[in-house]
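The values are calculated or read from the model by the stated rules, or taken from the named source; none is laboratory data. A quick note: this is a predicted structure, and the numbers were derived from the prediction, not measured. Here the Cβ positions follow ideal geometry from the backbone for every residue, glycine too, while neighbour counts run over all protein chains shown. The protein model used for the area step is the full one, side chains on, heavy atoms only, and it has no ligands, DNA or RNA in it. Shrake-Rupley method; radii C 1.70, N 1.55, O 1.52, S 1.80 Å.
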Amino acid sequence: MTDFVREGRLFRVSGFHPSHRQLFLTSEALLEDRTTTRVEVFIGHVELMFLKPVYENGLHIRRATAAEFAVLSERHGIPAEDAAYTWMLEPDGDSFVVGSNPNWREAEFALMGERQALYDPREPWPPEFPAESGSVI
């Protein structure tokens with residue numbers, strides 16, 4: 001998969017661990033938007049990020065185009081070698097992350113049982129319930 005697209009879902013920044021440079025974005029199953037799955041996105045080795053706390057219309061994570069990277073590089077001093085690691089979070093937005101390839105996991109919330117998160121180092125992956133996962137490349 002080259003892009004990660006989940007439109008029409010409410011995502012929030014659910015965690016950032018500065019000591020490990022890990023960013024987590026989460027979309028819960030909500031009656032409001034008629035979703036039944038939990039979706040989590042993980043980006044590691046974060047060098048720089050410009051985020052909104054909430055993405056009301058979903059995420060579209062993709063590699064920054066050359067034109068977008070040129071603007072971001074000039075504006076934020078991002079070195080040219082980081083172009084391959086600069087990820088846009090919205091189709092037309094200014095949100096971006098410089099880090100490793102984003103990874104995602106998704107599962108039916110009702111099947112998760114007592115499990116609180118899909119990215120939990122104390123829990124096995126793949127889990128005992130059906131789940132999907134992937135990377136943005």
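Would you mind stating whether GLY44 is exposed (fewer than 13 other Cβ atoms within 10 Å of the Cβ) and farther than 16 Å from ASP3 by Cβ? Here the answer is no, as GLY44 does not meet what is asked. Under the condition of being open to solvent by less than 20 Å² (accessible area, probe 1.4 Å) and more than 30 Å from SER73 (Cα to Cα), the residues counted in segment 99-114 number 2.
ARG75 - would you say it is open to solvent by 50 Å² or more (accessible area, probe 1.4 Å), part of a helix (DSSP H, G or I), without any contact (Cβ under 8 Å) to a residue 24 or more places away in the chain and of a type outside the set (Gly, Ala, Ser)? Break it down stepwise before answering.
Numbers: open to solvent by 50 Å² or more (accessible area, probe 1.4 Å): yes; part of a helix (DSSP H, G or I): yes; without any contact (Cβ under 8 Å) to a residue 24 or more places away in the chain: yes; of a type outside the set (Gly, Ala, Ser): yes.
Judged against the criteria, ARG75 is a match.
Among all residues of segment 36-50, there is at least one that is under 23 Å from HIS76 (Cα atoms) and touching a Lys or Arg at 6+ places or on another chain (Cβ under 6 Å). If only residues of segment 7-31 that are open to solvent by 80 Å² or more (accessible area, probe 1.4 Å) and not in a strand (DSSP E or B) are counted, the one that is nearest to ARG63 (Cα to Cα) is ARG21.
Looking across PHE96, PHE4, one residue alone is surrounded by 15 or more Cβ atoms within 10 Å (Cβ to Cβ), under 17 Å from VAL136 (Cβ atoms) and touching a helix residue (DSSP H, G or I) at 6+ places or on another chain (Cβ under 7 Å). It is PHE96.
Taking THR65 as the residue in question, decide whether it is open to solvent by 60 Å² or more (accessible area, probe 1.4 Å) and closer than 21 Å to SER14 by Cα. No, not satisfied. Restricting attention to segment 115-124, the residues that are open to solvent by less than 90 Å² (accessible area, probe 1.4 Å) and without any contact (Cβ under 8 Å) to a residue 24 or more places away in the chain add up to 4. Of the residues examined, PHE42 is not one that is touching a helix residue (DSSP H, G or I) at 6+ places or on another chain (Cβ under 8 Å) and either part of a strand (DSSP E or B) or not aliphatic (A, V, I, L, M) (or both).
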